[in-house]
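Participant: There's a structure below that I have some questions on.
The values are calculated or read from the model by the stated rules, or taken from the named source; none is laboratory data. What you see is a predicted model, and the numbers here were worked out from it, not measured in a lab. Cβ sites come from the backbone with ideal geometry, for glycine too, and all protein chains shown count toward neighbours.
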Amino acid sequence: MKKFFNLIIAGCLLATTVQAQDSKSIGFSFFMNDFASAQRIRSTSLNTVINDKTFARMAEMNSGFAVNYYKQMRDRMSFNAMLGVSGVRYPMPGRNITRNGTLLEFSATLNAMMTTDEYYVQPYLVLGVGVHKFDVHYGAFLPAGLGLKLNILGDASVIVTSTYRVPVTNETANYHFQHAIGIAAPLGKKK
């Protein structure tokens, strides 16, 4: 539990120390939690899962939706806060979860863009901290992955991400992927 509170404090410090420009956006996204592929990779290897084509199908994943807040910090760095909810039977290590429940999660990430927003396509790296609540259990995780921002809708953007969520609280969190697609629009006018 001490790790959990340390992560929350670190996330709050991270959010308050960012040097920001005036570009802020709000977005909505649809995501899929993929516990099956992560378990297959951990029990065999990534090479085996790729060669055997045993990545999870959509029917094996759990869907959810999220509200996202984006803040441009520098030309090639942005901050993202995400609050998501999904229905899932969360596979906690050492616990026999027999029914679906609501998974509520919050994450704060830094996105290191490979290009500036002058380009239509902006690939980026994602790294951050997150917490979740499932039933009466709280957990913490570290999301890391890749994203793609498509500036093709005028002021609005299409955002696609895929993150691997590494548990910090091993007794209440589990390894999994989260794949998301969403749209974001600026709050106010761009300067």
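Participant: Within the range 48-67, work out how many residues are surrounded by fewer than 18 Cβ atoms within 10 Å (Cβ to Cβ), modelled with pLDDT of 90 or more and of a type outside the set (Val, Ile, Thr).
Facilitator: The total comes to 2.
Participant: If you take the residues in the range 115-141 that are touching a strand residue (DSSP E or B) at 6+ places or on another chain (Cβ under 9 Å) and of a type in the set (A, V, I, L, M), which one is farthest from Arg89 (Cα to Cα)?
Facilitator: Only one residue tops the list, namely Val121.
Participant: Count, please, the residues in the range 98-125 that happen to be hydroxyl-bearing (Ser, Thr, Tyr) and part of a strand (DSSP E or B). Full working, then the answer.
Facilitator: Residues of the range 98-125 hydroxyl-bearing (Ser, Thr, Tyr): 98, 102, 107, 109, 115-116, 119-120, 124.
Narrowing further to those that are part of a strand (DSSP E or B): 102, 107, 109, 124.
The number of residues fulfilling the criteria is 4.
Participant: Scanning for something closer than 29 Å to Ser43 by Cα and surrounded by fewer than 22 Cβ atoms within 10 Å (Cβ to Cβ), does the range 110-123 turn up at least one residue?
Facilitator: No; the residues of the range 110-123 include none that is closer than 29 Å to Ser43 by Cα and surrounded by fewer than 22 Cβ atoms within 10 Å (Cβ to Cβ).
Participant: A further question follows. Being more than 17 Å from Gly84 (Cα to Cα) and surrounded by fewer than 21 Cβ atoms within 10 Å (Cβ to Cβ) is the filter here, so list the residues in the range 146-165 that pass it.
Facilitator: Within the range 146-165, Leu146, Leu148, Leu150, Asn151, Ile152, Leu153, Gly154, Asp155, Ala156, Val158 qualify.
For (1) among the charged types (D, E, K, R); (2) at pLDDT 85 or above, each residue gets a yes or a no:
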position	(1), (2)
Tyr69	no, yes
Gly87	no, yes
Arg99	yes, no
Gly128	no, yes
Phe134	no, yes
His137	no, yes
Leu142	no, yes
Leu146	no, yes
Leu153	no, no
